[in-house]
Amino acid sequence: MSEDVRNRILCVDDEPRVLEGIRRTLGMDFDVTTAEGGAQALALLIRRERFALTISDMRMPGMDGAAYLERAAQLAPDMVRILLTGQADMQAATRAINYGRIFRFLTKPCDGDALRRAVDDAMDQHRLMTAEKELLQKTLYGCVKVLTELLSLVNPVAFTRACRVNRLVQHVSKTLNLADAWQLDLAVMLAHLGYVGMPTELLERAYGGHAVSAEDSQLLGTAPRTAQGLLGDIPRLESVLGIIERLAEPPPALTDVDRGQGPGRLLWAAHIVLAAERADQLSHKQPVARIIADALAAEGFDKRVTEPIAQAEFERLENRKQLKLMAQELKMGMFLVEDAKSMDGVVMARGGQEVTPTVAVLLRRMAARHNLHEPLTVSVKG
């Protein structure tokens with residue numbers, strides 16, 4: 001998270017005089033944004049404006065501070081929340097603590113020194129929260145990288161498809177400006193661990209949109225549960241596992257479902273991943289984004305998800321430019337067109353596999369030992 005966000009405060013009050021006083025107290029050291037009411041503040045958060053801290057008055061017309069902070073906690077869970085309240089508002093303040101999960105509440109009138117101390121403590125809390133989150137993301141990404149690199153070697157068909165789906169999911173997440181999009185990234189890649197051990201021929205038929213038997217369809221449907229079983233003991237993966245669990249079910253309806261926090265966010269995530277998987281399947285027969293998006297909408301996928309897919313790029317591997325390269329020239333994002341084999345004919349990497357760091361290192365080491373058939377045929381973007 002940028003230093004700008006860590007220095008930003010959103011102050012909410014229906015009295016401009018109070019907002020100006022807070023700005024004078026804090027404006028020398030912090031980037032203070034003001035909003036005259038909860039609705040105006042929420043509009044900023046809905047547009048994905050980001051702040052380290054929000055300070056809200058309790059008594060405001062239309063939407064009181066407790067209601068604002070409860071909604072703010074859903075839209076910006078990393079933002080620390082402080083409530084200003086009078087003694088007569090203690091019952092409402094209790095509601096804000098329970099539902100808005102506020103960091104601290106201050107009674108009015110609040111002198112400048114007390115406000116400044118509370119803000120300093122809140123900023124320390126925000127730094128702790130974001131540091132823990134960044135550490136968690138880096139740790140999880142490290143684990144995922146190891147697991148998915150192994151998947152690329154054990155089942156390159158599943159891995160290559162996971163990469164395609166993930167690129168599409170990232171495109172949709174960016175277009176919709178979703179918070180915690182990294183969890184979708186993990187969910188897509190980890191869900192494909194459930195396909196380890198499944199026959200390559202079956203996966204190629206299924207991913208290509210070809211008919212499979214009822215028995216094979218049932219086997220394919222076990223992949224999300226299998227992935228859950230493999231990952232269930234890894235701590236702090238609850239949200240990611242919640243997304244994977246829903247991939248074994250029909251696409252959830254998103255009517256009036258909140259995409260901010262809790263079950264609503266998981267439904268959104270699962271809907272996006274399932275739409276991306278289906279779009280990838282359809283792209284094997286018709287790689288035109290607009291046609292794919294219309295087909296998804298006809299199948300019941302939400303148009304808020306299908307419209308970003310209509311702007312995505314789908315590409316057939318057979319339309320890519322082919323090159324003959326030595327192993328030392330391999331780059332990430334290339335695809336092997338033919339099997340890479342050792343000198344005695346052992347397949348080291350399958351044709352159609354995307355070149356990953358692990359695949360590139362393996363083939364380069366084989367070549368350095370003069371035990372790899374070269375040159376390799378690869379495809380690159382034209």
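Return one whole number: the accessible area per residue of the stretch 269-353 in Å², for a 1.4 Å probe.
Roughly 52 Å² per residue, with all protein chains present.
For the pair residue 377/residue 331, report the inter-label distance in nm, with labels modelled 7 Å from Cα in the Cβ direction.
Between residue 377 and residue 331, the label points sit 2.2 nm apart.
Could you tell me the calculated FRET efficiency between residue 370 and residue 150, based on Cβ-Cβ distance and R0 = 35 angstrom, to the nearest 0.05?
Calculated transfer efficiency: 0.85.
What spacing in nm lies between the two simple spin-label points modelled at residue 303 and residue 47, each 7 Å away from Cα in the Cβ direction?
Once both label points are built, they end up 2.5 nm from each other.
Can you give the extra length, in nm with one decimal, that the chain gains between residue 4 and residue 23 once fully stretched, where that is 0.36 nm per residue apart less the Cα-Cα distance?
5.2 nm
Could you compute how much accessible surface residue 48 exposes when probed at 1.4 Å, giving the result in Å² to the nearest 10?
The accessible area of residue 48 comes to roughly 40 Å².
Treat every Asp and Glu Cβ in the chain as -1 and every Lys and Arg Cβ as +1, leave all other atoms uncharged, and give the resulting dipole magnitude about the Cα centre to the nearest 20 debye.
I would put it at about 740 debye.
Relative to the longest principal Cα axis of the chain, at what angle does helix 357-368 sit, 0 to 90 degrees, rounded to 10?
It is inclined by approximately 40 degrees.
What's the angle, to the nearest 10 degrees (0 to 90), between helix 289-298's Cα axis and the longest principal axis of the chain?
Around 70 degrees separate the two axes.
Quick one: how many lysine pairs does the chain have with C-alpha atoms less than 20 Å apart and a gap of 8 or more or different chains? Give me the count, please.
13
Restricting the count to DSSP beta bridges whose residues both fall in the chain, what percent are antiparallel, rounded to a multiple of 5?
Of the beta bridges lying entirely in the chain, close to 35 percent run antiparallel.
Using a basic spin-label model with each label point 7 Å from the Cα along Cα→Cβ, how many nm lie between residue 294 and residue 143?
Modelled inter-label distance: 4.4 nm.
Quote the charge dipole size of the stretch 9-148 about the Cα centre in Debye, to the nearest 20; the model charges only the Cβ of Lys and Arg (+1) and of Asp and Glu (-1).
In debye, rounded to 20, the stretch 9-148 gives about 500.
Quick one: helix 181-191 against the long Cα principal axis of the chain, what's the angle to the nearest 10°, folded into 0 to 90?
30 degrees
To the nearest 0.05, what FRET efficiency results for residue 204 and residue 40 with a Förster distance of 45 Å applied to their C-beta separation?
0.25
Multiplying the sequence separation of residue 225 and residue 128 by 0.36 nm and subtracting their Cα-Cα distance, what value in nm do you get?
Fully extending the segment from residue 225 to residue 128 adds 31.5 nm.
Across the chain, how large is the tail of the calculated P(r) beyond 32 Å, expressed as a percent of all Cα pairs?
47 percent
The values are calculated or read from the model by the stated rules, or taken from the named source; none is laboratory data. On a predicted model such as this, the values are computed, not experimentally measured, just so you know. Every residue, glycine as well, gets a Cβ built from its backbone with ideal geometry; the counts of neighbours run over all protein chains shown. These area figures cover heavy atoms from the full protein model, side chains too; ligands, DNA and RNA do not enter into them. Shrake-Rupley method; radii C 1.70, N 1.55, O 1.52, S 1.80 Å.
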